[in-house]
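Reading through the structure tokens given below for one structure.
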Amino acid sequence: MDVVRAAYLAHGAGHSVNPNSFFLRFPDRPTARIIALPAYLGDTFDVAGVKWISSFPENVAQGVPRASAVLILNDCANGYPFACLEASIVSAARTAASAVMAARACAEGRPLLRTLGIVGNGLIARYLYEFLIRTGWTFPNIRLYDAAPGESRRFSERLALDARHAVAHDEVIEPLLRESDLIIFSTTAGAPYVHDTSLFAHNPIVLNISLRDLGTEVILSSYNVVDDIGHVLNANTSVHLTEQRVGHRGFIHATIPQLLAGERRPGTDRPVVVSPFGLGVLDLAVGKWVYDRAKARGELVEAPDFFWELTR
């Protein structure tokens, strides 16, 4: 959490280079994609690199996780890569840390959040739940919904939710949206399907992790928080579609770095939708933290002679 917070503040202060992500798509597999997230993070980090993360939703039906990823870290003194990390867990952890910090900032001044609703019950949702609980959040009630049969019960059993909360498994999404104070969307949706603004009349905090579940009507009726305006207004996210519809970005209230720096706060009279596109600088920060810990413990796995020629 501290590493991700420091990375956000460094990015907000301009100590980073974070180009737009590059999407590799497949004509014969429209739901699949592989994304490259190149970045440089300065300040106390001074590391560059790229995350290469695939999303193949059809994997789930085969019992295989949807996403796989690697992270390359580069030495900023000479450009040489010095580490390659498995990064699906790095990615899940930085996503969870980011969302939980944003939710905590948005919850200030609001009544106690009693019901957590999770739409899409996969690995990202698991990490979000664990980060919430391990950082002191308590929820008497949890509501779960997943379009894939059996996924919500599998999720509940894996985390032993029945021992901690009153758990509801919703067969349709509407009860969850109406009853939850904090809502997590972590699905594989490619286009908006939630358009009814009355479902959010109780002004919940919505962590729009999957970015494409909410219609423009919902976005326009909410306070909107994003991690980086230039990044999130891209790739047909819900906020990108909203910008295309209204022709401006004035509906975006704050960025996560602004929240963490105390510069902006959304009100309590409307829903708050947090839409983090996911910044490569966060992967670099967490990946470098993992690398440094492994090095200190003597747990690095070295590949001698990986670079075959080191003389000109």
Lone qualifier among SER275, SER221, SER238 - being among the hydroxyl-bearing types (Ser, Thr, Tyr), within 18 Å of LEU128 (Cα to Cα) and in contact (Cβ under 8 Å) with a residue 40 or more places away in the chain: SER275
Mind checking which residues of segment 44-64 are surrounded by fewer than 16 Cβ atoms within 10 Å (Cβ to Cβ) and within 24 Å of VAL4 (Cα to Cα)? THR44, ASP46
Checking the structure you have, find out if any residue of segment 238-247 is within 25 Å of ALA13 (Cβ to Cβ) and within 18 Å of the chain's Cα centre (by Cα). yes
It is to be established whether one or more residues within segment 264-271 are in a helix (DSSP H, G or I), touching a Gly at 6+ places or on another chain (Cβ under 7 Å) and not charged (D, E, K, R). no
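State all residues of segment 153-196 that are among the β-branched types (Val, Ile, Thr) and within 18 Å of ILE209 (Cβ to Cβ); if no residue qualifies, say none.
ILE173, ILE183, ILE184, THR187, THR188, VAL194
Condition check ((1) surrounded by fewer than 23 Cβ atoms within 10 Å (Cβ to Cβ); (2) in the same structural domain as ASP181 (by TED's automatic domain parsing); (3) closer than 27 Å to THR187 by Cα) across all residues:
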position: ILE219; (1), (2), (3): no, yes, yes
position: ASN234; (1), (2), (3): yes, yes, yes
position: LEU241; (1), (2), (3): yes, yes, yes
position: GLY250; (1), (2), (3): yes, yes, yes
position: GLU302; (1), (2), (3): yes, no, no
Given (1) in the same structural domain as LEU177 (by TED's automatic domain parsing); (2) assigned to a helix (DSSP H, G or I), where does VAL286 come up short, assuming only one miss? (1)
Return only the number of the condition from (1) under 30 Å from PHE307 (Cβ atoms); (2) within 14 Å of the chain's Cα centre (by Cα); (3) touching a residue at least 40 places away in the same chain (Cβ under 8 Å) that GLY120 does not satisfy. (1)
Would you kindly identify the helices (runs of 4 or more DSSP H) lying entirely within segment 114-205 that contain at least 3 residues that are within 28 Å of ALA87 (Cβ to Cβ) and among the charged types (D, E, K, R)? 123-134, 151-158
Candidate set from segment 221-259 (those that are in contact with a strand residue (DSSP E or B) (Cβ under 6 Å, 6 or more places away or on another chain) and part of a loop (DSSP other than H, G, I, E, B)); member that is farthest from MET101 (Cα to Cα): PHE251
Residues that are in contact with a His (Cβ under 6 Å, 6 or more places away or on another chain), in contact (Cβ under 8 Å) with a residue 12 or more places away in the chain and within 16 Å of GLY287 (Cα to Cα): does segment 7-30 have at least one? no
Considering every residue within segment 89-112, establish whether at least one is surrounded by 15 or more Cβ atoms within 10 Å (Cβ to Cβ), farther than 21 Å from VAL225 by Cα and polar (S, T, N, Q). no
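Tell me which residues, restricted to segment 277-312, are among the hydrophobic types (A, V, I, L, M, F, W, C) and modelled with pLDDT of 95 or more.
LEU279, VAL281, LEU282, LEU284, ALA285, VAL286, TRP289, VAL290, ALA294, ALA296, LEU300, VAL301
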Would you point out the residue of segment 260-284, among those that are touching a Phe, Trp or Tyr at 6+ places or on another chain (Cβ under 6 Å) and crowded, with 17+ Cβ neighbours inside 10 Å, that is farthest from SER98 (Cα to Cα)? PRO271
Tell me yes or no: at least one residue of segment 170-187 is free of Cβ contacts under 8 Å to residues at least 40 places away in the same chain and crowded, with 20+ Cβ neighbours inside 10 Å. no
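Hey, among PRO149, PRO81, which residue is surrounded by fewer than 17 Cβ atoms within 10 Å (Cβ to Cβ) and either in contact with a strand residue (DSSP E or B) (Cβ under 9 Å, 6 or more places away or on another chain) or under 23 Å from ALA261 (Cβ atoms) (or both)?
None of the other options fit; the residue is PRO81.
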When only residues in segment 108-139 that are in contact with a strand residue (DSSP E or B) (Cβ under 6 Å, 6 or more places away or on another chain) and hydrophobic (A, V, I, L, M, F, W, C) count, which is farthest from ALA93 (Cα to Cα)? LEU113
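The values are calculated or read from the model by the stated rules, or taken from the named source; none is laboratory data. Note that the structure is a prediction, hence the values are computed from the model and not measured. Virtual Cβ from ideal backbone geometry, glycine too; neighbours counted across all protein chains shown.
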